Amino acid sequence: SVLTDGEAALTTTGGLSGAFGARVAGGAALTGRRSPSQHGASITIQSSDGGGVLRGAGIFRQVNGGDLALTLVPRPEDGTYDGTLDLQNIRVNDAPSIAALLSAVSVVGFLEQLDGKGLVFSDVEARFRLSPERVVVTESSAVGASLGLSLDGVFDVPARRMDFQGVISPVYLLNGIGSIFTRRGEGLVGNDYTQQGGAASPAMRMHPKT
């Protein structure tokens, strides 16, 4: 099991609900709450080691530190949830997909950060729909002083294939001054990109944002 050292204080009043705590694969600690909702139990999870939670769960192995808040609300379809993920103050190290983007826009200094202490993102947000067959990312962004990213698309879980698109905006602190006119994570100047194919080595294409 991914969750270990679990404890919970649950009641059955109005449906099974209450607080719980656990560690992910014996590492990062999290707390959460199970609450009744229209189509089943919704789950909220919080942790002061968001990177540890994501690594322990086998989701993102390149994320370190940060505060995590995750919410999953069940939909009428069996095994399907609407989710939100929020992370603050994380570092990303040795991430091949981000490295490929930075190489494509010739941001050499950022590549050195990625291989060293890591790129810092102050705010990461994602809105998605989760089912056993696929994850549909309806909107997501990662924002730092030096870089902004946006992304949406579909990940086929059984096939481990992706079809994503977004915008990369270097020097986001300056470039993002005009971001009131764009989506979160996108500056006025940036590059559109797509990542398609197998999760291990997706094909990437990039062109200036229109």
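The values are calculated or read from the model by the stated rules, or taken from the named source; none is laboratory data. This one's a predicted model, so the numbers in the text were calculated from it and none came from an experiment. All Cβ positions, glycine included, derive from the backbone under ideal geometry; neighbour counts span all protein chains shown. Side chains are part of the model used for accessible areas, which takes the heavy atoms of the whole protein and leaves out ligands, DNA and RNA. Shrake-Rupley method; radii C 1.70, N 1.55, O 1.52, S 1.80 Å.
What the table shows:
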item	result
Single residue of the stretch 133-150 satisfying the filter (in contact with an Asp or Glu (Cβ under 9 Å, 6 or more places away or on another chain) and outside any strand (DSSP E or B)) that is surrounded by the most Cβ atoms within 10 Å (Cβ to Cβ)	G144
Inter-residue pairs, beta-carbon under 9 Å, first under 25 Å from R61 (Cα atoms) and at pLDDT 75 or above and in the stretch 181-203, second open to solvent by less than 10 Å² (accessible area, probe 1.4 Å) and basic (K, R), 6+ apart	none
Per-region count, the stretch 76-86, residues buried (at least 16 other Cβ atoms within 10 Å of the Cβ) and either in contact with a His (Cβ under 7 Å, 6 or more places away or on another chain) or of a type in the set (A, V, I, L, M) (or both)	1
Exclusive hit being surrounded by 15 or more Cβ atoms within 10 Å (Cβ to Cβ), at positive phi and at pLDDT below 90, set A100, A95, A104, A25	A25
Near pairs, Cβ below 9 angstrom, 6+ apart or cross-chain, from the stretch 59-82 (in contact (Cβ under 8 Å) with a residue 60 or more places away in the chain) to any residue that is open to solvent by less than 60 Å² (accessible area, probe 1.4 Å) and not hydrophobic (A, V, I, L, M, F, W, C)	none
Among residues of the stretch 1-18, those that are part of a strand (DSSP E or B) and open to solvent by 40 Å² or more (accessible area, probe 1.4 Å), counted	9
Residue within the stretch 34-52 that is part of a loop (DSSP other than H, G, I, E, B) and either open to solvent by less than 70 Å² (accessible area, probe 1.4 Å) or of a type in the set (K, R) (or both) present	yes
Matching residues in the stretch 161-177 - criterion: being open to solvent by 50 Å² or more (accessible area, probe 1.4 Å), at pLDDT below 90 and either assigned to a helix (DSSP H, G or I) or closer than 19 Å to A200 by Cα (or both)	L173, L174, I177
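Yes or no, residue by residue, for (1) over 24 Å from R91 (Cα atoms); (2) in contact with a helix residue (DSSP H, G or I) (Cβ under 7 Å, 6 or more places away or on another chain):
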{"site": "G40", "(1), (2)": "yes, no"}
{"site": "T44", "(1), (2)": "no, no"}
{"site": "D49", "(1), (2)": "no, no"}
{"site": "R61", "(1), (2)": "no, yes"}
